[in-house]
There are 2 protein chains.
Amino acid sequence: MYGVKVMLIGAAIMSHGNPVLKPEDEETRKLAEALKEIGREFSKAEAYVIISPHNVRMSEAIGVIMVENLISWLGFDGVHLPGEYKTEKELAKEIYQRAKVKGLPVVDINFASLGGEYSRFPLTWGELIPLHFLEKRPIVLLTPARKVSRDTLVKFGEVIGEVLEEYDKKVTFVASADHAHAHGNGPYGHAPEAKEYDELIMRIIKENRLEKLLEISDELINKALPDSYWQLLVLYGVLKRAPMKLKLSAYVCPTYFGMGAALFVRK
Amino acid sequence: MYGVKVMLIGAAIMSHGNPVLKPEDEETRKLAEALKEIGREFSKAEAYVIISPHNVRMSEAIGVIMVENLISWLGFDGVHLPGEYKTEKELAKEIYQRAKVKGLPVVDINFASLGGEYSRFPLTWGELIPLHFLEKRPIVLLTPARKVSRDTLVKFGEVIGEVLEEYDKKVTFVASADHAHAHGNGPYGHAPEAKEYDELIMRIIKENRLEKLLEISDELINKALPDSYWQLLVLYGVLKRAPMKLKLSAYVCPTYFGMGAALFVRK
């Protein structure tokens, strides 16, 4: 990277399930430690771009949140983390505009007022739990869509990678993601595909070969019930534009859904 | 209307500024009375469809909120009305799908989870103040867009009108709207176009000739700074499909922005 200013300094997959907040077993403690390590590494960044499956959910449109303020609103199962964050609005605009120019199905989401204190949007556990492990920085919040093509999500990631590389501040990219939800003993029942999906995803991450995500069948995804696949495709697009090496990974399934972490840093 | 079951029984324009909650002069009291009269008339309905300029704001996409629960979140200037509402989700889906089939730039907005208690979205003064004057019913919440064509907004209204006429419950349509904001003594300064816009709008409403909205120039709108024009175009589309007569109207400008009410009922 001689002479090239690296502005996108890292990327991560961060779980958003409650168990990492109060780990009750050794493996969950290790996952929480991995999330903390991501926080230490990302403290070098001046802003974060986070894509979350538990904020706005549009079936055929990718969202770029354009508000000035992000405010804690919704926890899961009674666990409610507080938090207020400023957005990196110029960066959000740049991602939105670049994606639009490329013909991607992206929408800009503001709320209440176009600017000032009333321009705000609610956060859920999907953002608050990853952010809990990160030092406070301005954020760009993005949302995936499940009914756009895989190729569209990868291309959106490429746009993000390009924009972040050209930005004038150091930034990192975070995919908020829990894996399969059909591990049993939960509201989504038991399917053997849950274990299969999670093992495959963790192997793809450890081998740092995210292109293999494209080989996973819709059937496996539909039976495993993950909250990760679509954000991982976006992460794959980011890494296509900004190649990185895997620094750490962790995985555990203490309840009915798989949780993982992965930290990628520049080569 | 012999033999035709009328399901869309009325439509209204309802202001969302704080002054109607505690009227301090006679004209504002009359406006609050008009809003209450709308509430009495609409108590015959089983659901409301409301379009608000102070919820999601997307520049080029019309929003159909698909969550199950709408929850009070944001008041204006310290005035915060509580409230939780169920949505009329089947009706929301029907409006979204019909608009999509017609090629309109519409997106479906869910939040956090696709169903259940976590499927919820925040409400602001833009919805809470009109709803304060209405008996509690399930709601469909829609959001306008300012950078789509006027024709697109009218067509979206026509889709709403068609869908509501075919629905199996009695429903009404509410355009949440305040008029020009540049009347002076406020954050948006003074422009003579504010008075001009408001007078023109109230004349169009009183004459029940909403087609004349299309003759208003962008320049007048840009100088008057209304929060009403785009929702009124949608209302015009609704009325094209379901002709109504004006039952009452009111207008007052006690601070820096114009507030009005209008009630339309079937002929």
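The values are calculated or read from the model by the stated rules, or taken from the named source; none is laboratory data. Since the model is a prediction, treat every value here as computed from it, not as a measurement. Neighbour counts are summed over all protein chains in view; Cβ atoms, including those assigned to glycine, are modelled from backbone coordinates with ideal geometry. Areas reflect the complete protein model, heavy atoms only, side chains present, ligands, DNA and RNA absent. Shrake-Rupley method; radii C 1.70, N 1.55, O 1.52, S 1.80 Å.
A count restricted to the stretch A:63-82 and to residues that are part of a loop (DSSP other than H, G, I, E, B), away from chain B (no Cβ under 11 Å) and surrounded by 15 or more Cβ atoms within 10 Å (Cβ to Cβ) stands at 2. For the stretch A:124-131, indicate whether the set of residues that are under 14 Å from the mean Cα position of the chain (by Cα) and hydroxyl-bearing (Ser, Thr, Tyr) is non-empty. Yes; the residues of the stretch A:124-131 include at least one that is under 14 Å from the mean Cα position of the chain (by Cα) and hydroxyl-bearing (Ser, Thr, Tyr). Checking each residue in the stretch A:164-180 for being within 17 Å of the chain's Cα centre (by Cα) and not hydroxyl-bearing (Ser, Thr, Tyr) picks out A:Leu164, A:Val171, A:Phe173, A:Val174, A:Ala175, A:Ala177, A:Asp178, A:His179, A:Ala180.
For the stretch B:107-116, check the following and say yes or no: at least one residue is within 11 Å of chain A (Cβ to nearest Cβ) and aromatic (Phe, Trp, Tyr).
There is at least one residue in the stretch B:107-116 that is within 11 Å of chain A (Cβ to nearest Cβ) and aromatic (Phe, Trp, Tyr).
Considering every residue within the stretch A:36-46, establish whether at least one is within 13 Å of chain B (Cβ to nearest Cβ), open to solvent by 20 Å² or more (accessible area, probe 1.4 Å) and of a type in the set (Gly, Ala, Ser). No, the conditions are met nowhere in the stretch A:36-46. Here is a check on your reading of the model: is A:Glu88 more than 10 Å from chain B (Cβ to nearest Cβ) and surrounded by 19 or more Cβ atoms within 10 Å (Cβ to Cβ)? Here the answer is yes, as A:Glu88 does meet what is asked.
Filter the stretch A:53-62 for residues that are facing another protein chain (nearest Cβ under 9 Å) and not in a loop (DSSP other than H, G, I, E, B); which is most open to solvent (accessible area, probe 1.4 Å)? Among them, the one singled out is A:Arg57.
All of B:Tyr118, B:Tyr96 fail the test of being modelled with pLDDT of 95 or more, within 19 Å of the chain's Cα centre (by Cα) and among the aromatic types (Phe, Trp, Tyr), apart from B:Tyr96. Cβ-Cβ below 9 Å, separation at least six or inter-chain, first residue in the stretch A:6-32 and in a helix (DSSP H, G or I), second among the acidic types (Asp, Glu) and open to solvent by 30 Å² or more (accessible area, probe 1.4 Å): which pairs? What qualifies is A:Asn18/A:Asp77; A:Pro19/A:Asp25.
Checked against (1) under 19 Å from A:Val64 (Cα atoms); (2) open to solvent by 30 Å² or more (accessible area, probe 1.4 Å), A:Ser217 passes all but a single condition, namely (1). In the stretch A:63-75, the residues that are over 24 Å from A:Ile160 (Cα atoms) reach residues that are in a loop (DSSP other than H, G, I, E, B) with C-beta atoms within less than 7 angstrom, at least six apart or across chains, in these pairs: A:Ser72/A:Leu81; A:Ser72/A:Pro82; A:Ser72/A:Gly83; A:Leu74/B:Tyr118; A:Gly75/A:Leu81.
Scanning the stretch B:221-237 turns up one or more residues that are among the charged types (D, E, K, R) and more than 18 Å from the chain's Cα centre (by Cα).
Restricting attention to the stretch B:137-146, does a residue exist that is over 19 Å from the mean Cα position of the chain (by Cα) and either at pLDDT below 95 or more than 14 Å from every other protein chain (Cβ to nearest Cβ) (or both)? Looking for residues that are over 19 Å from the mean Cα position of the chain (by Cα) and either at pLDDT below 95 or more than 14 Å from every other protein chain (Cβ to nearest Cβ) (or both), one finds none in the stretch B:137-146, hence no.
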